[in-house]
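To start, the structure under review is shown below, and the notes come after it.
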Amino acid sequence: MNALSVLQIAFTFCLFLSVGCNMETDTPPNDDRLSPFAGRWDFDPESTFALMEKRIDNPDAIRISRQFHTSASPLHENLSIAGIKLTGDGLPSCEYQIFALHQHGNVLCGKAWHHEDRHDPGDMSKCFIQLEIIDSKLKLTVNQLDGLPDLNDPDLYSSPSSSAPNDCQTSRLIDSEPNEWAVYFFNKRES
């Protein structure tokens, strides 16, 4: 092996260490429909639990959720929304990368690749989401599909940025399976 080959290998190794294998940039792609949601959002446990109490007829489940919710282990992390990414501020930090967006009035529906730990590329699941601002609070509604993504899922290879509202799987699923959805509220953080 000559010196030039060693330098090329060393350069490539340093590049992967500093940037990562997926060559991710700090600036995620943008979608104007997400601009009303941009910024930092602090998880609002009281509003979230209040809605849980209205939706779920299981006081024990709500009591257990309240017991496990602490500042060290919140029910959901605070979020930063930039471009098509919702990024948590916990350790490890979660991430939703949104695609197939469409709008129903003030509700934004779509799909997302969810990482419980955004730095672990093998830790990914697909979910359906809705974003809405109600009385200055962000309402995030999520249905996370069980298991790893299906390797034959076309969204795995080409995630469309938009989809038609009349093809909305999210709204149909919420109507047919309301208990399968987690709903979280967040307050906008003042700069």
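Computed from label points 7 Å out along Cα-Cβ, the spacing between Leu145 and Phe49 is 3.4 nm. The residues packed around Trp41, meaning those with a beta-carbon under 12 Å from its beta-carbon, carry a net charge of 0 if Lys and Arg are +1 and Asp and Glu are -1.
Here, each number is a calculation from the coordinates, and none is a lab measurement. Here the structure is a predicted model, which means the values were calculated and not measured. Note that each Cβ is placed from the backbone with ideal geometry, even for glycine, and that neighbours are counted across all protein chains shown.
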